1. On the basis of being under 26 Å from the mean Cα position of the chain (by Cα) and basic (Lys, Arg), does residue B:271 make the cut?
2. Pick out the one residue from B:60, B:90 that is surrounded by fewer than 20 Cβ atoms within 10 Å (Cβ to Cβ), more than 16 Å from ligand 2 (Cβ to nearest atom) and basic (Lys, Arg).
3. Residues of the range A:200-221 being crowded, with 20+ Cβ neighbours inside 10 Å and over 30 Å from residue B:229 (Cα atoms), which ones?
4. With the requirement that a residue be surrounded by 14 or more Cβ atoms within 10 Å (Cβ to Cβ), within 16 Å of ligand 1 (Cβ to nearest atom), part of a loop (DSSP other than H, G, I, E, B) and not β-branched (Val, Ile, Thr), what does the range B:146-191 give you?
5. Go through the range A:99-208 and tell me which strands (runs of 3 or more DSSP E), entirely inside it, have 3 or more residues that are away from ligand 2 (no atom under 16 Å from the Cβ) and within 16 Å of residue A:42 (Cβ to Cβ).
6. So which helices (runs of 4 or more DSSP H) stay within the range B:198-253 end to end and still have 3 or more residues that are within 15 Å of residue B:36 (Cα to Cα)?
7. Looking only at the range B:105-130, filter to residues that are among the hydrophobic types (A, V, I, L, M, F, W, C) and under 21 Å from residue A:77 (Cα atoms); which one of those is nearest to ligand 2 (Cβ to nearest atom)?
8. Contact list please: Cβ distance under 6 Å, first residue in the range A:157-175 and at negative phi, second residue within 16 Å of ligand 2 (Cβ to nearest atom) and assigned to a strand (DSSP E or B), pairs at least six apart or on different chains.
Amino acid sequence: MSLWVDKYRPKSLSLLDYHKDQANQLKNLVKQGDFPHLLVYGPSGAGKKTRVTCLLRELYGPGVEKLRMESVPITTPSGKKLDIKTISSNYHIEVNPSDAGIYDRCVVMELVKNSAQTHQLDPTGQRDFKVVVLTEVDSLSVDAQHALRRTMEKYVSTCRLILISNSTSRVIPAIRSRCLGVRVAAPTQDQIISILQMACKKEGLSLPLDLAKKIVDKSERNLRLALLMCESCKVQETPLKEKQEPILPQWQVFLKDTARSIMHEQSPKQLMEVRGRLYELLSHNIPIQIIFKGLLKELVSNCDMKLKAVVVEEAAFFEHRVHQGSKGIFHLEAFVAKFMCIYKKFMEDSVIDMF
Amino acid sequence: MQSFLKTGKLGSGSGAGPSGDKQSGKGQKRGNRPTPWVEKYRPKTVDDVVEQGDVVEVLRQCLSGADLPNLLLYGPPGTGKTSTILAAARQLFGDMYRDRILELNASDERGIQIIRDKVKSFAQLSASGIRPDGKPCPAFKIVILDEADSMTHAAQAALRRTMEKQTRTTRFCLVCNYVSRIIQPLTSRCTKFRFKPLGEVKIIERLQFISSQENVNIEQDALQSLIAAAGGDLRRAITCLQSCARLKGKDDTSAITPDDVVEVMGVIPSRWIDGLMSVSEEFDYYKVTEYLDQFIMEGYSAGQLLEQLHLKIVMCDTISDKHKATICEKLAVCAYRLQEGASEYLQMADLCCTLMLCLRQ
Ligand SMILES: Nc1ncnc2c1ncn2[C@@H]1O[C@H](COP(=O)(O)OP(=O)(O)OP(=O)(O)O)[C@@H](O)[C@H]1O
Ligand SMILES: [Mg+2]
């Protein structure tokens, strides 16, 4: 049995539930074969991947849904051997180059260039080109992006790239200039509610509006999260009740508690304790930006505006450092220590002010 | 996957494959592959190159028999660097193009070893001054190092010797975006040409030419906002023009409007920028973060926001110079951090705090 997120994933552009105008435009776009490379960007859970899958189907028909998962061996210039997971059909191949870590440039050089150079497998198909889908382009190194540049131009008649990323901030101008940007905004709250209701209807359930609203509030316009929460509500109690409280993913609760314990006491002992919790979060693969953001949201709640500004500045400073070093926990801890320091001073000062 | 890769290199016969879904009546002509307009309208000769007069002049002289210096072409994306040198090479060598040109770009391995071996062995072969068809052509070969700014300094240093030794048979042409990334000993061996962002008039001319070729109908305002957003990058302008035309669909013959252009170019509608300023003035942290969350949910890019906000701040006459400086400094820091992959939310929150403190009075 598949999860609702997969079960109710629309399969074609005309079935997409929101941003219908855009879906229509994309349909127009692929009618003629001369469209440029695409750069699809938007927040996570907004449905970028679904849209791309639909686009591929529009291009090649149901044949693209026959997927193979393979791992392809790649040799780096220094002689190291790597295996890269790919998902492909006869018409397209999908890779996440950041799987290869610092060797992402080799993936681009070997895999992408090779597939661009070879030509379409299926001579009876209606398209002369195939598609290479690269995910998580945000984390592609600058070197790897450079390696894409000329490949994108040289083989454009036989291969189109679809790049998927959360934001275009990190994509170098030379790549942006080679692509058509497709912005996928997160669905609005109303759109999510109607999608949830539709899914429930198909499951033979009725979803009380109040509960739907609660779910949407907690999901922060992330459709994937909303569907998962809705499904877990079903598991918790069927039929669905108005009074039910949607459960947040466990790590979110854990993160909130961590922030509270930082506010509660500022001491080396407490820092040790927090450290354990941070490790716990990281070992569950929670992205470090999310931890920073989650902590910050709670931590500023008791500060005045001036202090808020200082705390935000520190968070921005330390989070940036994460990307320069290789060990995120250091900077996360440093931030917590810094916060404890500032906050304690602030509290002491305000006690003095009272007298 | 393996079968996906092993279908023969380009140009070889057709690979046999399982027949997929065939939609009759939609077939396209083989051999006439549809290419995006940027490639379709890539200059074929140096005379087609728009603007960039100096280089074109040097290359034109070379075409009529003069010697060619080593070249270093640099400038922002989409200004015609690669196109110019490739067009010149084609014109110079015609059919012998493959023997006389070695093109290495960032997608090729370009370590020290490759520079030493591949470039050297290519450069050592002598070149005659006559084409097979009897026409004269320059008696040298050209090594084009495209995207040279992504070469390591060690590899660039290795190039130094090779360049000096092979002056008799080979010319080098380095192409890059940032000339500061090329080591000084190399730049001093080349004649430098800066490719300027293309002027508005030239871009308009080119776009109008393409529009008439492709039967595109575009409003004058739309053309203006397209050019403003492209900022001298002709490739981006052409891509945008084509995308606007294609997104509309074949049957829709209405003209392209400025709104279409704004969306395709990824420009943030000005109400979002104004909104950010006014919500910052209200001096309420939660309202600001709420606004930021909404902004991120819409999928707009923080990098673009910084650019547009920068313009707005600099032009604004209700902010004191001192505050402008403070804000711009923060803008610069945030832009740098974003480039390195820092979280958009945190950087924008940091920026907004500065805005709030500066705008309150
Ligand atoms: N000066 C120009 N004259 C005519 N067309 C141009 C000019 N500049 C750019 N173009 C158009 O833009 C496209 C890209 O140009 P080109 O590949 O030469 O850019 P580039 O300078 O090499 O950019 P990059 O730094 O990203 O490699 C060309 O195919 C052409 O359609
Ligand atoms: Mg180029």
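1. Judged against the criteria, residue B:271 is not a match.
2. Working: B:90 fails: more than 16 Å from ligand 2 (Cβ to nearest atom).
When all the criteria are applied, what remains is B:60.
3. First pass over the range A:200-221, keeping only residues crowded, with 20+ Cβ neighbours inside 10 Å: A:200, A:207, A:211-212, A:215-216, A:219, A:221.
Scanning the range A:200-221 gives A:200, A:207, A:211, A:212, A:215, A:216, A:219.
4. B:146, B:147, B:151, B:177 - these are the residues of the range B:146-191 that are surrounded by 14 or more Cβ atoms within 10 Å (Cβ to Cβ), within 16 Å of ligand 1 (Cβ to nearest atom), part of a loop (DSSP other than H, G, I, E, B) and not β-branched (Val, Ile, Thr).
5. On the way: elements: A:130-134, A:159-165, A:179-183.
Answer list for the range A:99-208: A:159-165, A:179-183.
6. Per the criteria, B:200-214, B:234-248.
7. Within the range B:105-130, the match that is nearest to ligand 2 (Cβ to nearest atom) is B:106.
8. A:160/A:37; A:161/A:37
The values are calculated or read from the model by the stated rules, or taken from the named source; none is laboratory data. Small disclaimer: the values here were computed from a predicted structure and weren't measured. For neighbour counting, all protein chains shown are included, and Cβ atoms are generated from backbone atoms with ideal geometry for every residue, glycine included.
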